[in-house]
Every structure is written in C-alpha cells, then in structure tokens.
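First up is the structure itself, then whatever we jot down about it.
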Amino acid sequence: MSSKDTRKRALLVEVVFDRQEGDHLSELSELAFVAGYNVVDRIIQNLDRPNPDYYFGKGKAKLIKGRVKELDIDLVISGNKLDSIQESNLVKMWHVPIVDRFELILEIFINRAGTQEAITQIRLAALRKEGGSRLEAHRSKRARSLLIQKLEKKLEIIKKTKDLRRKRRVQSGFDLVAIAGYTNAGKSTLMNGFTEADVEVSGRMFTTLDTTTRSFDADGRKILVTDTVGFISRLPHILMDAFYATLKEVTEADLILLLIDANDSVDNIKRKVLASINTLTAIKAENIPLIPVINKIDLAQ
C-alpha cells in the first residue's frame, strides 16, 4: 500500500486572453510541483477582458467554487495577478487561500536559497511586493520599511565584496563566460562538464538559485565559467530587481552561452528564447557576444 500524499492539494486556474492553442498551465503546474503542492485539477477560461470583481467570469468563479469543495482543495494557485478586491471576493467565495504566480516563485526561492545574498534578495522581494506578500503579511507597513532598509544595507555590503572579487578575476587575466538560459535548460550539467564543479542537477525548475563560478584551462587560456539562476517568462520586475546582483555575473561576462532545450516543442523554444532575450535586455546584457547552444539533443524526439 502506498503512503498517503501529505502535500497540500492545489487547484490551478488561469484566464487566457490571447486564445492561442497550447497548454497554458504546464509551466504553472511544474512550478507548483517544485514548490511542493499536489495539483489535482486545472481550469482555464478564455475571456476578452478580466471581470473587475472576480477576474474570472462570475459563472466560472462559481464553477471553481464547486470544484474546490468537490476535490477538497487546500489552496488555489492563480496564473494571473489579481488585485486586492478580486482576491478578497474570490477568497470569500472559495473559502481557501489564493497564491499567485509571483508568490509561488517566491516560495520556491525561499526553500532553495543557499547563500546569504540569495536569502537577502528573496526577503527583499517579499517585502517590496505591493502591500507585502502573503509570506510577510504579518509585518506592519513601518516594520516592513525598516527591515527593507536593513536588508538593503546588508545586500550593498555583499555586492561590494563580490564586485571586488570580480575585479580581481579580470586583473588576473581570466576570460569570463556566463552560462544562461531558461530554467531547466541544462545549464548546471554543462557547467559540470566544463569544470567538474559538481553543481546539483535535478531536472526540475530553479535547481540553481545561487551563482557558481569555476575556472578551467583551454589550451593555455584561463577561463572562468559562471552558472546562473534560470530565466523564466513573465518574471515580476520586483523579483528581477531583487536578483540583479546575482544576474550581474552575466552583465560582466565576455561571452554568454544561451542554452536552448532541444527537447522542447518549437512553440516552447520560441517562447523561452524570447523570455531569455527579454531578461538579458532588462539587465543590460544585450550587447555582450552571445552564442546559442542547443542542449539535450540526445533527448529530442
């Protein structure tokens, strides 16, 4: 007899406006799994514009209420960002907490952060979210403001230390290569192949949240390779800002290797490459020489 699944039972919901074909909730499902939730159902609604009171159409919102009760759901995960009124109305109707995509990603980062820098950046992202995130809702506005100031000062000290380390690397004559790409594109595996760094590889999204830099010698040329946090589409600006110090490793590279998962569908490859290019542009790394690297060819059908 198999052991009982003790994970919280989650229902995924999303309103889609573009009416494009495809599995709109596949990535949200993966994020929910990585965060530790048991996804038991998924509901999508096509609309021309969001309902101002419920985001979903009222009829669909009532249908979701029925599924929540029928499936004994512990929480609803929304692929859309709800405003405070919409979320309040839906919580009253569904009688379960609602987690949006931002908070889902934040939970994963909190559970997987390893270094003091990553932990500090994550806490800042949670505190800076408008109105405070669900994870920091217990703090008053003044308490959040004071803690933000304290964490910003701590992060500034960490940044200065890392900046000094980067300058020393450049002065030592190393070429800097950043391995970048969409989350779970195989960056850590390539890093291990280059340098035997033994970075964790799991085949799941966001296995790497902290940068790892190792050196190797290529025909007498000294090269530093950095494995970075994976990109993701629709990454909230708050989270982008919070992780700028981590992504700064990319902005100072001499070359970017942009990994592309050959095992993806053509549509997914297009979406992920576009998200990666948008991220590189957002962190002002768009002018650095870039080589696309097709990865996981052995797995492609």
Exercise for review: Return only the number of the condition from (1) within 24 Å of the chain's Cα centre (by Cα); (2) modelled with pLDDT of 95 or more that Glu70 does not satisfy.
Suggested key: (1)
Check your understanding: So Glu30 fits all but one of (1) assigned to a loop (DSSP other than H, G, I, E, B); (2) modelled with pLDDT under 95; (3) among the charged types (D, E, K, R); what number is the exception?
Key -> (1)
Check your understanding: Hey, does the range 18-28 have a residue that's aliphatic (A, V, I, L, M) and touching a Phe, Trp or Tyr at 6+ places or on another chain (Cβ under 6 Å)?
Key -> no
Study note, to complete from the structure: Note on the range 170-193: residues in contact with a strand residue (DSSP E or B) (Cβ under 7 Å, 6 or more places away or on another chain), within 24 Å of Asn278 (Cα to Cα), in a loop (DSSP other than H, G, I, E, B) and not hydroxyl-bearing (Ser, Thr, Tyr) are Ala185, Gly186
Review point. Looking at (1) in a strand (DSSP E or B); (2) at pLDDT below 75, can you tell me which one Leu258 breaks?
Key: (2)
Check your understanding: Inside the range 263-301, can you point out the residues that are in a strand (DSSP E or B) and closer than 14 Å to Ala253 by Cα?
Key -> Leu290, Ile291
Practice item. Answer yes if at least one residue in the range 153-167 is within 18 Å of Ile288 (Cβ to Cβ), hydrophobic (A, V, I, L, M, F, W, C) and surrounded by 11 or more Cβ atoms within 10 Å (Cβ to Cβ), and no otherwise. Key: no
Review point. Right, Asp48: in the same structural domain as His95 (by TED's automatic domain parsing), exposed (fewer than 13 other Cβ atoms within 10 Å of the Cβ) and under 23 Å from Asn268 (Cβ atoms) or not?
Key: no
Review point. For Ile64, all conditions in the list (1) of a type in the set (A, V, I, L, M); (2) in a helix (DSSP H, G or I); (3) closer than 27 Å to Asp264 by Cα hold save one; what is the number of the exception?
Key: (3)
Exercise for review: From Gly36, Gly79, grab the single residue that is surrounded by fewer than 16 Cβ atoms within 10 Å (Cβ to Cβ), at pLDDT below 95 and not assigned by TED's automatic domain parsing to the domain that holds Ile269.
Suggested key: Gly36
Review point. Pairs under 8 Å by beta carbon, first residue not assigned by TED's automatic domain parsing to the domain that holds Tyr182 in the range 272-301, partner β-branched (Val, Ile, Thr) and surrounded by 11 or more Cβ atoms within 10 Å (Cβ to Cβ), six or more apart or different chains?
Key: none
Review point. Taking the stated definitions as given, is Asp23 exposed (fewer than 14 other Cβ atoms within 10 Å of the Cβ), under 22 Å from Trp94 (Cβ atoms) and modelled with pLDDT under 90?
Key: no
Exercise for review: Return the total of residues in the range 132-159 being more than 13 Å from Glu103 (Cα to Cα) and either modelled with pLDDT under 75 or not in a helix (DSSP H, G or I) (or both).
Suggested key: 3
Study note, to complete from the structure: The condition from (1) buried (at least 20 other Cβ atoms within 10 Å of the Cβ); (2) under 26 Å from the mean Cα position of the chain (by Cα) that Ala61 misses is numbered (2)
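Quick grid of which residues meet (1) modelled with pLDDT of 85 or more; (2) basic (Lys, Arg); (3) over 23 Å from Leu28 (Cα atoms):
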| position | (1), (2), (3) |
| --- | --- |
| Asp198 | no, no, yes |
| Phe206 | no, no, no |
| Asp210 | no, no, no |
| Asp227 | no, no, yes |
| Phe243 | no, no, no |
| Val273 | yes, no, no |
| Ile277 | yes, no, no |
| Ile291 | yes, no, yes |
**Study point:** Conditions (1) in a helix (DSSP H, G or I); (2) in contact with a Lys or Arg (Cβ under 6 Å, 6 or more places away or on another chain): number failed by Lys69
**Key:** (2)
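The values are calculated or read from the model by the stated rules, or taken from the named source; none is laboratory data. The model shown is predicted, which means the values in this text are computed figures rather than measured ones. We place every Cβ from the backbone using ideal geometry, glycine too, and count neighbours over all the protein chains shown.
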